[in-house]
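Okay, so here's the structure we're looking at.
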Protein chains: 10
Amino acid sequence: MLYHVRMDVRVPHDVEAATFDRLKAAEKARAEELQRSGTWRHLWRIAGEYANVSIFDVADHDELHAILSGLPLFPFMQIAVTPLARHPSAIA
Amino acid sequence: MLYHVRMDVRVPHDVEAATFDRLKAAEKARAEELQRSGTWRHLWRIAGEYANVSIFDVADHDELHAILSGLPLFPFMQIAVTPLARHPSAIA
Amino acid sequence: MLYHVRMDVRVPHDVEAATFDRLKAAEKARAEELQRSGTWRHLWRIAGEYANVSIFDVADHDELHAILSGLPLFPFMQIAVTPLARHPSAIA
Amino acid sequence: MLYHVRMDVRVPHDVEAATFDRLKAAEKARAEELQRSGTWRHLWRIAGEYANVSIFDVADHDELHAILSGLPLFPFMQIAVTPLARHPSAIA
Amino acid sequence: MLYHVRMDVRVPHDVEAATFDRLKAAEKARAEELQRSGTWRHLWRIAGEYANVSIFDVADHDELHAILSGLPLFPFMQIAVTPLARHPSAIA
Amino acid sequence: MLYHVRMDVRVPHDVEAATFDRLKAAEKARAEELQRSGTWRHLWRIAGEYANVSIFDVADHDELHAILSGLPLFPFMQIAVTPLARHPSAIA
Amino acid sequence: MLYHVRMDVRVPHDVEAATFDRLKAAEKARAEELQRSGTWRHLWRIAGEYANVSIFDVADHDELHAILSGLPLFPFMQIAVTPLARHPSAIA
Amino acid sequence: MLYHVRMDVRVPHDVEAATFDRLKAAEKARAEELQRSGTWRHLWRIAGEYANVSIFDVADHDELHAILSGLPLFPFMQIAVTPLARHPSAIA
Amino acid sequence: MLYHVRMDVRVPHDVEAATFDRLKAAEKARAEELQRSGTWRHLWRIAGEYANVSIFDVADHDELHAILSGLPLFPFMQIAVTPLARHPSAIA
Amino acid sequence: MLYHVRMDVRVPHDVEAATFDRLKAAEKARAEELQRSGTWRHLWRIAGEYANVSIFDVADHDELHAILSGLPLFPFMQIAVTPLARHPSAIA
């Protein structure tokens, strides 16, 4: 099942740079891993913002939540989840 | 270039049913045509709402606007466009 | 899977009373049918508003959308869908 | 009487980890206790967010406020309360 | 139990004047009746707006909803209900 | 003259507990004093939130502002003031 | 006492032109009368919008409401009232 | 002086097509005239929306309001005006 | 030319009291100076809030920005500027 | 292609003055460089706010994002990007 997820990352300026770099590296590795597994289907950067739009393909809400809440940057994210159904005019 | 487009359709109840059916049919045909051409890359229904999230792949803003403003249901749509850049963690 | 759905009903005053009554009766029958099937798990009235909070238990987004968009009052509804995951502190 | 309660938890990053863990453990214990007593009827995680939707069954507003304001994580919560009445189409 | 209720009245200009006058008269009569019974405890006009803030004293959510949804102007109202608990610093 | 005042209290977590307790005690004493004088006519807790709805009866805006801006917790409050006029259907 | 009042005028396109012209003329006459009496102290047009910011000097909320709700265009206005107190740095 | 103006055009569906076409033609002619005079410095279409962002260069607020409120489509526009000052880093 | 300016002052609690007092004193002195020069025409306190509504009379946007951005409390202010044109019904 | 970009700068008060000055100087230098290259076509200060409206002329979303996310003050900015298409009434 497909979920549209918007993630806005807001990291306070007084978070130590080393901590932030470590989190970003872990986030990148995890994102790549999930993309390779087909779970994280699409990952796009919203131009001009520290935010992304993603499409996840997972079995259910629980799996989605486990993935999102397990992301290294989750504590600094504002997330909006929108369930996507099949569109009657979609040809794919 | 990729554009994220959310379309919310709001058709007043006093629009004649025949007119509305004609517009919906024309919208469906146009959507299918644009998907076959690769322009309308993704078309998902937002579950529970008369709205969709779409990803368009077009050359520039002018082409996007021509397509969207030319959609049969455009006069009854609220549209939000978000330009999508390449995400540094995207593997595709 | 569980979905939290808020439905706000807004019927313009110039909708014919007979049409509105017919829609309300059909809506009530459909709601009762879906509750008996276990799909529409909870249906609560938001005190003071022509709105409800409901919990649906369906297989996936497509099934949810088919149900909601098929409701007789759907054209007059503003709907917000929120996917519900299992809470780590839930004992049920 | 039933109350729909949405709780969004926002814990600043500079809250000491030990304090936060202690609060989370106390919150979990309290939530389980209230569920066993039937007061906290439903507790669902909003997929993708550090937030929950809950249904409380209490005698009145005072009891609800005492419970919510007594939750260990209350100081870090944004709470919205919606009173739920019986829906005319509810069969339960 | 006390409920804080804000009612914003919005009557489209094409509602027949006679209908509107009849509704207003019925609304006034009903409001006076409920005040005499002690149910509608306070009724204040928000200065400059066709809106009021009211305090209702009723047994539960169902009674509140029955009263509000039964008001003659209910179809033209936007209503927000806020449950009021006892304040720890209240001396009354 | 009556003023409807909503006060939302937001105290950052890094305010010293002793300071916060002192402010709360002073706030409580001041609220009780103003209630005894009839100025602070009603003080209700919004169930589930660190917020109140109050009705003040004062001579004019200046007196209201002096009272509110003089409250010990004022620096941590978000306040909304709504002037209340006499409602044509009010019987009191 | 001074009140800051913002008035946004929204007249549906299907209001008869003659009716609208009559209302506008009556509104203008009333505004001029209230300015001459010193009640309507300031009347400014918000550049680019069919809206104004006004400062009223009246005895109390009731008088303000009587004036505003009596304006010919009141049924087509969205009004926001803000009570103004004396500023500690004001020299006038 | 420069003003940033956003215009969102919302024309109800029951406005006669001929009237709407006449207004659009008049709007286009007026826009072209004002651009030639240098008053309407920039006119851009917001991609995907029946809206534009414009930069006006006029003497003062009164002249801006006269121009905007005189536009044929003004009754169907929602307009937001933002005064633009010289930026300290602007080289032009 | 007249500008309507709303200033909301938000000073974090961990700003040193001495710094804050110095800024407030400087702000008061500057406001009085600008009022004496006729630039700061009106300065009203929004009752109940650490905010003011002001009317400035300056030559252009640049002068307004220089004044506002030069205010001692500017770094702690949220400011909204609205250009005011002459109202057709204004008699002054 | 043209992009409308609004940048609101919010720098917490506890950012060291020296750091902030360094960032501002680097931001100014970069802005001037991009203006000279024709990329940053327009840069206007929003009167009264620490914010600007800019028009960028770049090849695509990726280039825009690289520029904006590379700005020295980017971590302290809230940015909104709006793609601009050619307006049918634009004469330039």
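Read the figures in this text as sums done on the coordinates, not as results from a lab. These figures come from a predicted structure and were not determined experimentally. Counting neighbours? That spans all protein chains shown, and the Cβs are built from the backbone with ideal geometry, glycine included.
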Taking a point 7 angstrom from the Cα of B:E16 along the C-beta vector, which residues in the range H:1-27 have backbone N less than 18 Å away?
H:13-20
Find out how many positive minus negative residues lie around B:A92, taking Lys and Arg as positive, Asp and Glu as negative, among other residues whose Cβ is under 12 Å from that of B:A92.
+2
Karplus 3J(HN,Hα) series, Hz, for the range F:73-80 with 6.51 cos²θ - 1.76 cosθ + 1.60 (x for Gly, Pro)
8, 3, x, 10, 10, 9, 10, 10
Might you report the magnitude of the Cβ-based charge dipole of the range F:2-84 about its Cα centre, with Lys and Arg at +1 and Asp and Glu at -1, to the nearest 20 debye?
220 debye
Starting from the Kirkwood Rh over alpha-carbon pairs, what translational D in µm² s⁻¹ does chain B have by Stokes-Einstein at 20 °C and 1.002 mPa s?
151 µm²/s
Loop-only check: which trypsin sites (Lys or Arg not before Pro) in the range J:7-92 are DSSP coil with at most 15 other Cβ within 10 angstrom?
J:R10
Built amide H within the under 5 Å cut-off of A:A85, gap 5+
B:R45, B:I46, B:A47
Taking Cα atoms only, helix H:17-36 is inclined relative to the longest principal axis of chain H by an angle, in degrees rounded to 10, of 20 degrees
Where the centre of each part is set by its Cα atoms, how far does the range E:10-42 sit from the range A:45-59, in angstrom?
50 Å
Please turn the phi angles of the range C:51-65 into ³J(HN,Hα) values with the Karplus equation 6.51 cos²θ - 1.76 cosθ + 1.60 (θ = phi - 60°), one per residue in order, whole Hz, x for glycine and proline.
8, 9, 10, 10, 10, 10, 10, 9, 6, 7, 4, 4, 5, 4, 5
Please find, in a Gaussian network model of chain G (springs between Cα atoms separated by less than 10 Å), the residue of G:V81, G:V53, G:V15 whose mean-square fluctuation is greatest.
G:V15
For chain A, what is the mean residue ellipticity at 222 nm derived from helices alone (per DSSP H run of n ≥ 4: -39500 (n - 2.57); sum divided by total residues; nearest 500 deg cm²/dmol)?
-10000 deg cm²/dmol
Relative contact order (percent, whole number), the range G:2-84, Cα cutoff 8 Å, 6+ residue spacing
52 percent
Per-residue HN-Hα couplings for the range A:4-11, Karplus 6.51 cos²θ - 1.76 cosθ + 1.60 at θ = phi - 60°, whole Hz, x for Gly and Pro?
8, 10, 9, 10, 9, 9, 10, 10
Which residue, F:H42, F:H61, F:H13, tops the fluctuation ranking in a GNM of chain F built on C-alpha contacts under 10 Å?
F:H13
